[in-house]
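No lab work stands behind these numbers, since they all come straight from the coordinates. Keep in mind that this is a model prediction, so the values were computed, not measured. Using ideal geometry, Cβ is built from the backbone for each residue, glycine included, and neighbour counts are taken over all protein chains shown.
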Amino acid sequence: MKISDPTEFIRLYRSQVLQNLDPRQVLLELGGDNVVLLCWEAPGEFCHRLVVAAWLQKELGVAVKEFNPKLRRHQDWLKAMGVRER
């Protein structure tokens, strides 16, 4: 099912997915407070990872920042990890 309205998507995702999960358990299974959420959408585009990040922030106070390869600090991180720019 594809939902093009972000407001409706958020409402349904919260009620059908997140409401059924324990945020502490999710965070634990994701690796603790060193979390990376990945998605097909480009940085800044709406997607489920932003909904999950907001949920973790609200429920646990854990900030999950969005990775943006255009930012210098993220470029430096990629270089440190040995990732080559294309």
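Which one is right for this structure if Cα extents along the principal axes in Å is calculated from it: (i) 49, 37, 18; (ii) 40, 30, 18; (iii) 45, 36, 19?
The calculated read-out lines up with (ii).
With point charges of +1 on the Cβ of Lys and Arg and -1 on the Cβ of Asp and Glu, referenced to the Cα centre of the chain, which listed residue (Phe46, Val17, Leu78) lies farthest in the positive direction of the dipole?
Ranked along the dipole, the leading option is Leu78.
Can you pull the one-decimal nm distance between simple spin-label points at Thr7 and Leu60, each 7 Å off the Cα toward Cβ?
Placing both labels 7 Å along Cα→Cβ, they lie 3.0 nm apart.
Points 7 angstrom from Cα along the Cβ direction at Arg84 and Val17: gap in nanometres?
So the two model labels end up 3.5 nm from each other.
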